[in-house]
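A.B. asks: Next up is a structure, given as structure tokens.
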Amino acid sequence: MKTMTKAKSATALPLNTILDGDCIEVMNSLPENSIDLIFADPPYNLQLKGDLHRPDNSKVDAVDDEWDQFSSFAAYDKFTRAWLKAARRLLKPNGAIWVIGSYHNVFRMGAELQNQGFWILNDVVWRKSNPMPNFRGKRFTNAHETMIWASKSEGAKYTFNYEALKALNEGVQMRSDWVLPICTGHERLKDENGDKAHPTQKPESLLHRVLVGSTNPGDVVLDPFFGTGTTGAVAKMLGREFIGIEREEAYRKVAEKRLKNTRKFDREALQVSASKRAEPRVPFGQLVERGMLRPGENLYSINGRHKAKVRADGTLIGDDVKGSIHQVGAHLEGAPSCNGWTYWSYKQDGKRVPIDVLRQQIRAEMAERPN
Ligand SMILES: C[S@@+](CC[C@H](N)C(=O)[O-])C[C@H]1O[C@@H](n2cnc3c(N)ncnc32)[C@H](O)[C@@H]1O
């Protein structure tokens, strides 16, 4: 991993490097339609007026750096327009972008995303479990930031690892409000004086969720406002390729050191729960054709109240109904739909076994012998 001054050629991607320079210029030097995901944490344009002090009169280490200063909203909008245009050019047609910001800038970025033809998929509220208090007591404690997740265009086939996110959330669908702590303790990088190396270092937990949810191993993730390299570090751990752009040398150095000390998780650990939609379809009839279930054999409903007989063509017949495993289940339950795979069981050695076990067996065979 090394810092480069410019992308080497117009076609090759400088993978796993931190590029030095203005992100708009650098992005424009990279090949178009080449990036799977962009994570952008741009300047907030905080418009701070004077120093902020705690009740004990100590000065708050706020974001007052030169890189966060813009002369007006118009200047900030011009900058936003330019970097989003450059980012859009880089994205593959099915690529996606995440932007993160506070109330100072996120609405301006949201409007510009839509103006440029990106398609907003969600806004996600990162609720900080340990926010900084509002010292003046004149407004609410600012306890969240907003992320916008957008595909390159409406109808694009963006990556969404629904099952993996659900698994991360203990089997419950992942919601759009994420409660995660701000970056503190060992994770917070320090300079040689023991001060924060960067005022806005994001927590790795946030990037972990973003990357597990919206990329796959081997995908290329670009961060045009790399800072301390949080995106790169998490991408590396998760087996994704990264490209960082950062124009401040001090931050590039911090990021380089961090990345050097970051290890990729092993291959097995990187496998996540697959999306059900991505798993190969197995027709119920195949279980019958292959003799895993025999015509005439009874299947039993999950609640034990109903049974139906398997027919030679892979349909079921009950007392007053015949049809697919799903249709018969739905009819018997008086429900608009039913997932027959999880509704029906067969009997083996006197015990009920869900028919889905047989489907998984076939899928496992398919995975061992692709094509
Ligand atoms: C909000 S911080 C990103 C922090 C980062 N997410 C992290 O976890 O460390 C924005 C960064 O963008 C950099 N930056 C600002 N304008 C830039 C530009 N035009 N080109 C490249 N980098 C820029 C700043 O130096 C700063 O480090």
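A.B. asks: Restricting to DSSP H runs of at least four residues, report the calculated mean residue ellipticity at 222 nm for the chain, -39500 (n - 2.57) per run over all residues, nearest 500 deg cm²/dmol. Write down the numbers at each step before the final one.
C.D. replies: Values: 12 runs with 108 residues, N = 371.
Here the helix-only value at 222 nm equals -8000 deg cm²/dmol.
A.B. asks: Can you give me the long-range amide H partners of residue 344? Hydrogens built in the peptide plane at 1.01 Å from N, cutoff under 5 Å, separation of 5 or more residues or another chain.
C.D. replies: Amide H neighbours of residue 344, under 5 Å, 5+ apart: 355.
A.B. asks: Can you tell me the alpha carbon radius of gyration of segment 284-368 divided by the globular rule-of-thumb value 2.2 N^0.38 Å? Don't jump to the answer; show the numbers that get you there.
C.D. replies: Working: Rg = 12.3 Å, N = 85, 2.2 N^0.38 = 11.9 Å.
Here the answer is 1.03, to two decimals.
A.B. asks: Would you mind ranking 126, 178, 344, 98 by Cβ crowding within 10 Å, fewest neighbours first? Each step should come with its number before you reach the end.
C.D. replies: Details: 126 21, 178 18, 344 28, 98 25.
The order, fewest Cβ neighbours first, is 178, 126, 98, 344.
A.B. asks: Let me ask you something else. Roughly what angle does helix 106-115 make with the longest principal axis of the chain, taking Cα atoms, 0 to 90 degrees, to the nearest 10?
C.D. replies: Tilt relative to the chain: about 70 degrees.
A.B. asks: Skipping prolines and chain starts, which residues have an amide H placed within reach, meaning under 5 Å, of the one on residue 124, given they are 5 or more residues away or on another chain?
C.D. replies: Those qualifying (amide H under 5 Å, at least 5 residues apart or on another chain) are 147, 148, 149.
A.B. asks: Quick one: which residues, 5 or more positions from residue 239 or on another chain, have an amide H under 5 Å from its amide H? H modelled 1.01 Å from N in the peptide plane, none for Pro or chain starts.
C.D. replies: 265
A.B. asks: What FRET efficiency comes out for residue 191 versus residue 132 if R0 is 22 angstrom and r is the Cβ-Cβ distance? Round to the nearest 0.05.
C.D. replies: Numbers: r = 20 Å, r/R0 = 0.91.
That pair, residue 191 with residue 132, gives E of 0.65.
A.B. asks: In what sequence do 254, 179, 99 fall when counting other Cβ within 10 Å, fewest first?
C.D. replies: On the way: 254 21, 179 12, 99 27.
Placing the least packed residue first, the sequence is 179, 254, 99.
A.B. asks: Multiplying the sequence separation of residue 275 and residue 290 by 0.36 nm and subtracting their Cα-Cα distance, what value in nm do you get? Write down the numbers at each step before the final one.
C.D. replies: Working: separation 15, 0.36 × 15 = 5.40 nm, distance 2.59 nm.
That works out to 2.8 nm of additional length.
A.B. asks: Still on this structure, please answer the following. Placing +1 at every Lys and Arg Cβ and -1 at every Asp and Glu Cβ, with all other atoms neutral, what dipole size does the chain have around its Cα centre, in debye to the nearest 20?
C.D. replies: Details: 54 positive and 46 negative charges, 168 e Å.
Here the size comes out at about 800 debye.
A.B. asks: For the chain, what is the percent of antiparallel DSSP beta bridges, rounded to the nearest 5? It would help to have the intermediate numbers written out before the result.
C.D. replies: Values: 29 of 50 bridges.
Once the DSSP bridges in the chain are tallied, antiparallel ones form about 60 percent.
A.B. asks: Can I ask one more? On a 24 Å Cα-Cα criterion, which of the cross-link pairs 202/257; 190/260; 85/257; 152/257; 128/260; 152/260 come out too long? The partial results should precede the final answer.
C.D. replies: Values: 202/257 17 Å; 190/260 16 Å; 85/257 31 Å; 152/257 33 Å; 128/260 28 Å; 152/260 32 Å.
Correct reply: 85/257; 152/257; 128/260; 152/260.
A.B. asks: Suppose the chain between residue 162 and residue 311 were pulled fully straight at 0.36 nm per residue; how much longer would it get relative to their current alpha carbon spacing? If you can, show how the numbers build up before the last one.
C.D. replies: On the way: separation 149, 0.36 × 149 = 53.64 nm, distance 3.46 nm.
Gain in length upon complete extension: 50.2 nm.
A.B. asks: In whole Hz, with x marking every Gly and Pro, tabulate ³J(HN,Hα) for segment 189-194 from phi via Karplus 6.51 cos²θ - 1.76 cosθ + 1.60, θ = phi - 60°.
C.D. replies: 7, 10, 8, 5, 8, x
A.B. asks: I would also like to ask the following. What nm value, rounded to one decimal, do you get for the distance between residue 64 and residue 33 when each label is placed 7 Å out toward the C-beta?
C.D. replies: In this crude spin-label approximation the distance works out to 4.9 nm.
A.B. asks: Right, here's the next one. Working out 0.36 nm times the residue gap between residue 249 and residue 362, then minus their Cα-Cα distance, what length gain in nm do you get to one decimal? Before the final figure, lay out each step's value.
C.D. replies: Numbers: separation 113, 0.36 × 113 = 40.68 nm, distance 5.41 nm.
Between residue 249 and residue 362, full extension yields 35.3 nm more.
A.B. asks: Can you sort 343, 300 from fewest to most other Cβ atoms within 10 Å of each residue's own Cβ?
C.D. replies: Working: 343 24, 300 19.
Ascending number of Cβ neighbours within 10 Å: 300, 343.
A.B. asks: Could you grab the Rg to Rh ratio for the chain? Cα atoms only, Kirkwood for Rh.
C.D. replies: Working: Rg = 26.1 Å, Rh = 23.8 Å.
Taking Rg over the Kirkwood Rh, I get 1.10.
No value in this document is a laboratory result; all are computed from the given coordinates. Quantities reported herein were computed from a predicted structural model and do not represent experimental measurements. Virtual Cβ from ideal backbone geometry, glycine too; neighbours counted across all protein chains shown.
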